[in-house]
Every structure is written in C-alpha cells, then in structure tokens.
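Please see the structure below; I have some questions.
The values are calculated or read from the model by the stated rules, or taken from the named source; none is laboratory data. Worth saying up front: this structure is predicted, and the values here are computed from it rather than measured. We place every Cβ from the backbone using ideal geometry, glycine too, and count neighbours over all the protein chains shown. The protein model used for the area step is the full one, side chains on, heavy atoms only, and it has no ligands, DNA or RNA in it. Shrake-Rupley method; radii C 1.70, N 1.55, O 1.52, S 1.80 Å.
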Amino acid sequence: MKNLVIVESPSKSKTIQKYLGSDYTVVSSKGHIRDLAIKGKDGLGVDIENGFKPEYEISKDKQEIVKDLQKQAKKADQVYLATDPDREGEAISWHLAQELSLPEDAVDRVTFHEITHDAVLNAFQNPRTIDMDLVHSQETRRILDRIIGFKLSKLLHNKIRSKSAGRVQSVALQIIVEREKEIQAFKPQEYWTVDGVFKKDDTEFTASLVRLNGNKAELHDQAEADTAVAACQGPFTVSAIKQTGKTTAPFKPFITSTLQQEASTKLGFSAKRTMSIAQRLYEGVDIGHGGQEGLITYMRTDSTRLSNVYMQAAREKIEREYGREYQGYYRIKNDANAQDAHEAIRPTSLDNEPEKIKSYLTSEQYRLYKLIYARALASLMAAAKYTGQSVTLEQNGCEFTASGSRLSFPGWLKVYGAYYSSKDTVLPELQEGEQLKAQSLKASQHFTEPPARYTEARLIKELEEDGIGRPSTYAMIIDTIQSRGYVELKPSTEKSRTKVFFPTDQGILTTEKLDEYFSSIINRQYTAQMETRLDEIAEGKESELEVLTEFWNAFTPLLDNAYEHMEKLQPEQVGEKCPLCGGELVYRNGRYGRFISCSNFPKCRYTRQIEDKEKEKPEPTGKICPNCGGELLKRKSRYGTYFLGCSNFPDCHYMETLDGQVIVPKADRYARRGRTTAAAKRSTRRTSAAKKTTTARKKTTAKKRTAKKEA
C-alpha cells in the first residue's frame, strides 16, 4: 500500500477515494476513536493533582477499528490524516497519530473545506503537521465538560434527582427558565387603537390614529377610545403626502447558527436534523457524475467569508441569467466572536443547480440544499428597492396615517424571494388638500404581550449573540436539555404550529439550585468568557493549565458548599403502604418514566407502574380467539389505531384488524425471515451475560474453596 488516508466518516471516504485514485486507500475511523477514561479519582479520567493530565482509552466500539487501522498503517508508505477542519477534527487526527505511533512532527495532516476534486488534490499537495494549539483547546473543553458533567451531575442527582448538568447546557436551560419566569410575572396592560377604512377609485386602505389634539394618541380604556371616535366624525383632509425610497440589502451567506435558524423557521427542521442533512451534503451524494460529490462547503463555521473563485463564478452567473444591474457588492461582516477558520456555507459548484440534481436527493436534502444555494448566490446580488408613500389625514384634531410600499427592483429577492416575506401595500393616487370620508371607524381593545418563549431558532440566536457555545455545539445543547427532561418543545397554543420551549418543573428546580449555589460560574458572562479563552488557547495565546487551574480553584469551594448546605429533596409520597414491608410508597423517575416504589429501597424492591387513568381499557367484543378460546378484546395501539387482541396475552399473541384480517406479530414475521427482534436480541444478551456471571461466580467460589483447603 502506497498511501493510507484516514477520515472520520464512511460516506466521506467514498467521495475522497474517487478523487485520489488507486494510489491511495481511503478508510474511516467512524468518528473519535478514544475519549477520557472513566477511572481514577471520581472516575474523571483526569489527574487533577498532576497538572490536569488526561488519561485516554480507546472506546469499546472502536477497538477493532483501531486494530485494523494499525495493521493498514504499518503496510503504508505514507499515512495522511484528513479529518474535519475544526478542533474536533484536529483532535481526532491527534488521537489517531498517537494510536498509530506516527511521528509527532510528521507532515501528514490535510484539511479541505469542501470535498471537491480541486480542493482535495490541493490539500494533499500541501500537508502540514498537527496543530497542537487546536488539540489543546479541544482537550481543555473536554476536561472542563468532564469535571462539571461528572461532579455537578452527581451532586444534583443526589440532592434533587436531576439527571445532569453541564457548562453550556445549564446556561441554555437558565435562559429558558428566566424567560418563563418573566412571562409568569408579566401583568398585561389594556390599551386601545382606532383605525379608519378609506376608499378612493375602488382602492381601500386603512389608516390608524396616531395623534390626538397635537399629542400622541394613547388610549387606555374604552371610554377614551369612544371619545376619540366621536371626535373624528366628518370628512378628512389629506394634509401631507411623503414619498420615500428604501433599499433592503441581501442577507449574508449562511454560517452554522443562521442555517439552523432559517431551516427551523422556513423548513421546520430541528437543529439536530439540519446538521445531519448538511453533513451528508458536505460528505458527498451521488449525482450521476460517476461517484459521490460534495455539494456544500464545511457546515460548521462562523465566518461569512466567500472564496474569490466562488464570487467570480457567482457574478458571471448573475450577469448571464439576470443582467449586470443585479450584481451586488459583497463585504464580509463577521461577528466579534467569529474565528474565521472556514468559508461560509455555500454550494461547491454553481453548476449543481437544485432543480438539476433534485432526482438524486431526498426531499429533505433537496430543500436544505436549495436554501443554501439560494442564500449564497443572493448574498452577491444587488439590494432590493422599494418605493414608499406615507399619507396623513386630519379631522378635528385627529391625525391618522397610512403607509404603502411597492417593490420597484427585486435585486437579490429575485433568487431568495421565496424565503422572504414581503408584500406590496398599494395606496391610491391622492392629492394634498383633497377630502375623503371614512367608510368606517373602529376602536379595538388590546393588551400588552409578555416576551415570547424561545423557539429553536430564537434560542440559537440568543446563544450566538451572548457568545455561549460554538457552531458545532448548538444542536447538541438543545438535544441534551430535552433528553434530560428539563424542557419540552411544543406548540404554545392549540391553534399554533410554532413550537416553543417550556421548562419542566425539574428544569426550573435545577436552574434555581444552580443559581443558588453556582451563580458565579453557571451564567452567561462566565460561559462566554470561557469560550473566548478556549479560542485563545487555539490561537496559542493562552495556557491550557492556567485556564483549568483557575476554573478548578473557583469551582471546588462552590461544590463543597453545595454538598454541605443544599437540601436533599425527598421523594413524593403516594399515600399508600408497601404491601411487602409496610413502608411508605413513593414516586420515582426511571429510564422508562415515572413509577411507584417502596421508600425502603434497596432493602425492599417492591415496584409497580402508575396506572394511566386516561388510557383506554380493553373493550369486550364477545368474539372467541381461534387460537386458545379466549375472548378477543378491542384494544388501542401505541399509534392510535384499534385492533382485536386475545385476552390471554401474553400467553397468546393472536391479533386481527377490526375487519377480521389476521395480524402477524413482529416476532413471527422476523422468525420467518430468519431475523430476531431487538427485544429478543436484548433478552438473549441478558441471558448470555447472566450465564457468564454465574459461571464466573462459580469459578471464584471454587478458587476460594481450594485456597481454604490448601491453607
């Protein structure tokens, strides 16, 4: 083997192999191959007393992969590490180099921000050494997260039965809880508005009362509103007409956060789903050109920079298809926290138009790719132009205004208009001094609204603006706080389709306890400052040891104080006695939800499920089961459909539809195909593990007996 190339993704390896040819063998590590060990003091895998020295171990599911990579590396003349171009990718390459015994100064690291022919070949012509500053930054983040994750989670689980805490996830939860408390404390205030409907030349328009007797119209109740309506009777005079011109600049091309926000609001994708689809578009899709091809640039980025090659191609396309007047001027505008390590997210080739390759993509891939393609191209187009008009109508001290606007030049909206809400509001031709009579005057009651709950998009924007987390972490943060049962993402009302975050009681309790005992480190400012320091480590400006030492010295006394003073939450009592030992029955939370258990656990192991009062009970049908003679009962499935099942279940698995068609159980269907259900596999594994444990115990007992006799 001449050259071995290691990437982290199997699908990515296929695309790269296509470009490199037969002199290279491209294989995958399938992500990280090792992580901090779960051993040592408190199982941290970090020797805190010895300069926070980490101890790594190969993940159990990667041991065979590593052995295979080691064999292939020994046969190769040259090994190249081509993992993703970010801190995680750099760390994966370093771990691979360690396990494959590659020289520390080996020039074997290649990076590319798009998986295209030219980008890949250029990267292999310019390899470099592993950037240890990036590795140290990732390592520091991992150690911080391990310390907080293990120690703080253990505390909260012991004291208030919360599942976990985290350096960033707890701040995200804090933001949601703070907003909920603002909403609960909000007191709505009544106010009224008055609108008039006017008509000229068959064109109706609405004007709103803005000033009353020279002062701003502030109507607090119905009496004031009725007085204003009564004062506005009679013809209105057009007192002023103002022509305006407005331009709307194009949006910048996507970075990770804006892609997640726009995909959420325009496509209905979760942040996690968006990143999964984007990952596949980046790694490569077969679009009929003889193998897989990367369709977008690297999707974890916080830079809006575009390459000169892409901008030149885009300008030519814009002039060719829309005209020179549609070309725009592009200026990079990055956030202060942006690292600018990669380009913005864009298509790798403008020739791969969404409609041309639609048949090769899944529906979700097509929709996301089309959004990315349109955004990147539109960012290089001219601004959209609007002509506007504002009209003032007066009558007896009442001043009403109406505004209209019309798109006069679409500019970038020619490409991105489908994702941009903009409607023309047309006013009739009016002249100053002419009079109009109101078709109707209406007073309307309103109440001030509380601040809105966070959608996924709004939460990501908040995290980004506060400098909390980084592009690659937003999806994971949101997924974690949901899976821990701290928040629920659901519609705000029955009629609403927009899902927002509601904190659960456990989420609120967790935040309150963290605020009480760890407010100096679990807050927006501290977390953002830590992200900045991690960036400085990546740039070689900050010391890994110094950052970890300062954190540890601040964290340890807070943890000790919390263990000493945080009150332990007692389980909620059911109000019944345990039928086995007479102890109090309490509610507990388990892997599969809430259940009832004895308060004397583990001495008494009595448990039972909580009866779901809303769950429909099986309904007798009078029909006889053809298998065992039991009665068939009408039952409701987990999917909300109905079927008939035997009353002797689980001894008898007979089922049929309401129409009488026999339903073959999944276990039987799998058995016919020579396959096993997941439940059966788990049962087999448990049985096998139990047998091994029993055998091991017997051997240990036999050894002890032998040793006793010999003694």
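Of Leu548, Thr25, Ser359, which is farthest along the charge dipole of the chain in the positive direction, counting Lys and Arg as +1 and Asp and Glu as -1 at C-beta?
Of the candidates, Thr25 comes out farthest on the positive side.
When the chain is fully extended, how far beyond the present Cα-Cα distance does Asp351 get from Glu550, taking 0.36 nm per residue of separation? It would help to have the intermediate numbers written out before the result.
Details: separation 199, 0.36 × 199 = 71.64 nm, distance 5.20 nm.
Fully extending the segment from Asp351 to Glu550 adds 66.4 nm.
Can you give the extra length, in nm with one decimal, that the chain gains between Leu558 and Glu631 once fully stretched, where that is 0.36 nm per residue apart less the Cα-Cα distance? Could you put the intermediate results ahead of the total?
On the way: separation 73, 0.36 × 73 = 26.28 nm, distance 6.25 nm.
Computed gain between Leu558 and Glu631 is 20.0 nm.
Given the rule -39500 (n - 2.57) for each run of at least 4 DSSP H residues, summed and divided by the residues of the chain, what is its mean residue ellipticity at 222 nm, to the nearest 500 deg cm²/dmol? Present the calculation step by step, with values, prior to reporting the outcome.
Values: 21 runs with 267 residues, N = 711.
Result for the chain, helices only: -12000 deg cm²/dmol.
Pick out, in residue order, every one of the chymotrypsin sites (Phe, Trp or Tyr not before Pro) in segment 549-618 that is DSSP loop and has at most 11 other C-beta atoms within 10 Å; say none if there are none.
Details: sites: Phe551, Trp552, Phe555, Tyr563, Tyr587, Tyr592, Phe595, Tyr606; in loops: Tyr592, Tyr606.
Filter output for segment 549-618: Tyr592.
OK, next. Suppose R0 equals 30 Å. What FRET efficiency, 1/(1 + (r/R0)^6) with r the Cβ-Cβ distance, do Asp651 and Phe595 give to the nearest 0.05?
Working: r = 24 Å, r/R0 = 0.82.
The computed FRET efficiency comes out at 0.75.
Once the Cα atoms of the chain are picked out, what are the Rg and Dmax in Å?
Computed over the Cα atoms of the chain, radius of gyration and Dmax are 32.8, 119 Å.
Can you give the relative contact order of the chain as a percent, counting alpha carbon pairs under 8 Å and 6+ residues apart? Let's see the in-between values first.
Working: 1180 pairs, mean separation 92.1, N = 711.
After rounding, I find 13 percent.
How many angstrom lie between the Cα centre of segment 409-441 and the Cα centre of segment 567-607?
Each part reduced to its Cα centre gives a spacing of 65 Å.
Which listed residue (Thr274, Ala376, Phe254) has the Cα farthest towards the positive end of the charge dipole for the chain, taking +1 on Lys and Arg C-beta and -1 on Asp and Glu C-beta about the Cα centre?
Thr274
Roughly speaking, to the nearest percent, how much of the chain's 1.4 Å accessible area is carbon and sulfur? Intermediate values should be presented prior to the final figure.
Numbers: 18350 of 39130 Å².
Here it works out to 47 percent.
Let me ask another. Counting only Cα, what are the radius of gyration and maximum Cα-Cα distance Dmax of segment 397-474, in Å?
21.3, 61
While we're on this one: DSSP loop trypsin sites (Lys or Arg not before Pro) in segment 449-514 with at most 12 other Cβ atoms within 10 Å of their Cβ, which ones?
Numbers: sites: Arg453, Arg458, Lys461, Arg484, Lys495, Arg497, Lys499, Lys513; in loops: Arg453, Arg484, Lys495, Arg497.
For trypsin sites (Lys or Arg not before Pro) across segment 449-514 that sit outside H, G, I, E and B with at most 12 neighbouring Cβ atoms in 10 Å, the list reads Lys495, Arg497.
Step through the residues of segment 42-49 one at a time and calculate ³J(HN,Hα) from phi using the Karplus curve (6.51 cos²θ - 1.76 cosθ + 1.60, θ = phi - 60°), rounding each to whole Hz and writing x for Gly and Pro.
6, x, 7, x, 9, 8, 5, 6
Taking +1 at the Cβ of each Lys and Arg and -1 at the Cβ of each Asp and Glu, which of Pro602, Ala313, Gly575 sits farthest along the dipole of the chain towards its positive end, judged by Cα position relative to the Cα centre?
Of the options given, the answer is Pro602.
In what sequence, largest accessible area first, do Tyr366, Tyr298 appear using a 1.4 Å probe?
Values: Tyr366 25, Tyr298 0 Å².
Putting Tyr366, Tyr298 in descending order of accessible area: Tyr366, Tyr298.
May I pose another question? Can you give the angle from 0 to 90° between the axis of helix 169-185 and the longest principal axis of the chain, with both taken from C-alpha atoms, to the nearest 10?
With rounding to tens, the tilt is 50 degrees.
State to the nearest 20 debye the size of the charge dipole of the chain about its Cα centre, where the only charges are +1 on K and R beta carbons and -1 on D and E beta carbons. Walk me through the numbers on the way to the answer.
Details: 109 positive and 98 negative charges, 942 e Å.
The dipole magnitude comes to about 4520 debye.
Using amide H atoms built in the peptide plane, which far-off residues or other-chain residues are under 5 Å from Phe409 H to H?
Lys385
Around Thr193, what is the net charge, scoring Lys/Arg as +1 and Asp/Glu as -1 over all other residues with Cβ under 12 Å from its Cβ?
On the way: positive: Lys442; negative: Glu190, Asp195, Glu218, Glu224.
Once all neighbours under 12 Å are counted, the net charge is -3.
Fully extended, how many nm does the chain gain between Gln529 and Gln312 (0.36 nm per residue separation, minus their Cα-Cα distance)?
Numbers: separation 217, 0.36 × 217 = 78.12 nm, distance 3.83 nm.
My answer for the length gained is 74.3 nm.
Taking the Cα centroid of segment 453-525 and of segment 207-252, what is the distance between the two, rounded to the nearest whole Å?
Comparing the Cα centres of segment 453-525 and segment 207-252, I get a distance of 40 Å.
Something else now. Using every pair of alpha-carbon atoms in segment 453-529, split the distances into 10 Å bins beginning at 0 and state the percent of pairs per bin, rounded to integers.
18, 44, 34, 5, 0
Using the per-residue mean of other Cβ atoms lying within 10 Å as a proxy for protection, in what order, highest first, do the peptides 617-630, 395-408 fall?
Numbers: 617-630: 12.5, 395-408: 17.4.
Top of the packing list down: 395-408, 617-630.
How large is ³J(HN,Hα), in whole Hz, for each residue of segment 10-17 in order, when computed from phi with the Karplus curve 6.51 cos²θ - 1.76 cosθ + 1.60 and θ = phi - 60°, using x for Gly and Pro?
Karplus-based 3J(HN,Hα) across segment 10-17 equals x, 5, 5, 5, 5, 5, 5, 4 Hz.
Provide the three semi-axes, in whole Å and in decreasing order, of the ellipsoid equivalent to segment 477-516 as defined by the square roots of 5 times the Cα gyration tensor eigenvalues. Provide the component values of the computation, followed by the final result.
Working: eigenvalues 100, 26, 9 Å².
Three semi-axes, in Å: 22, 11, 7.
Among bridges DSSP assigns within segment 1-126, what percent are antiparallel (round to 5)?
Details: 5 of 15 bridges.
About 35 percent, rounded to the nearest 5.
List the residues, sorted by chain then number, that are 5 or more residues from Tyr654 or on another chain and whose placed amide H is less than 5 Å from its amide H.
HN-HN under 5 Å from Tyr654: Cys646.
At 7 Å along the Cα-to-beta-carbon direction for both Leu580 and Thr493, put a label point, then send me their distance in nm to one decimal.
Going from the Leu580 label point to the Thr493 one covers 5.0 nm.
Out of the DSSP beta bridges found with both residues in the chain, what percent are antiparallel (nearest 5)?
Numbers: 86 of 96 bridges.
Just about 90 percent of them are antiparallel.
Under 5 Å between amide H atoms, partner at least 5 residues away or on a different chain: which partners does Gly630 have, H built in plane at 1.01 Å?
It is Cys625, by chain and number.
Right, something else. Using square roots of five times the C-alpha gyration tensor eigenvalues, list the equivalent-ellipsoid semi-axes of segment 465-590 in whole Å, biggest first.
On the way: eigenvalues 260, 123, 28 Å².
Taking √(5λ) for each eigenvalue gives 36, 25, 12 Å, largest first.
Another question about this same structure. How far, in degrees from 0 to 90, does helix 87-99 lean away from the longest principal axis of the Cα atoms of the chain, to the nearest 10?
20 degrees
Run the dipole for segment 499-618 about the Cα centre, Lys and Arg Cβ at +1, Asp and Glu Cβ at -1, nothing else charged, and hand back the magnitude in debye, nearest 20.
Values: 16 positive and 22 negative charges, 228 e Å.
Dipole about the Cα centre, nearest 20: 1100 debye.
Which translational diffusion coefficient, to the nearest whole µm²/s, is obtained for segment 503-565 from the Stokes-Einstein equation, given a Kirkwood hydrodynamic radius over C-alpha pairs, 10 °C and 1.306 mPa s? Display every interim value, and only then the final one.
Values: Rh = 13.3 Å.
Estimated diffusion coefficient is 120 µm²/s.
If you count, for each residue, the other Cβ atoms within 10 Å and average over each peptide, how do 372-382, 346-356, 50-60, 409-419 line up from highest to lowest? Intermediate values should be presented prior to the final figure.
Numbers: 372-382: 23.8, 346-356: 16.9, 50-60: 13.7, 409-419: 18.9.
Per-residue Cβ counts within 10 Å, averaged per peptide and sorted highest first, yield 372-382, 409-419, 346-356, 50-60.
Same structure again: Taking the chain as the reference, fit the longest principal axis to its C-alpha atoms, fit the long axis of helix 474-483 to the helix C-alpha atoms, and give the angle between the two in degrees, 0 to 90, nearest 10.
70 degrees
log10 I(q)/I(0), Debye, Cα-only segment 1-157, no solvent, q = 0.11, 0.20 Å⁻¹?
Results for segment 1-157 at q = 0.11, 0.20 Å⁻¹ read -0.47, -1.26.
At 37 °C and 0.692 mPa s, grab the translational diffusion coefficient of segment 337-413 from Stokes-Einstein with a Kirkwood Rh over Cα pairs, rounded to a whole number in µm² per second.
On the way: Rh = 16.6 Å.
It diffuses with D of about 198 µm²/s by this estimate.
OK, next. Taking the highest mean first, how do the peptides 469-476, 385-392, 34-41 order by number of other beta carbon atoms within 10 angstrom per residue? Kindly include the intermediate steps, with their values, before the conclusion.
On the way: 469-476: 20.9, 385-392: 17.2, 34-41: 14.8.
Highest mean packing first, the order is 469-476, 385-392, 34-41.
How big is the charge dipole of segment 204-357 about its Cα centre, in debye rounded to the nearest 20, if each Lys and Arg gets +1 on its Cβ and each Asp and Glu gets -1 on its Cβ?
Numbers: 19 positive and 20 negative charges, 75 e Å.
With only Lys, Arg, Asp and Glu charged at Cβ, the dipole is about 360 debye.
May I ask you to give the solvent-accessible area per residue for the chain, in square angstrom, as obtained with a 1.4 angstrom probe?
On the way: 39130 Å² over 711 residues.
I get 55 Å² per residue for the chain.
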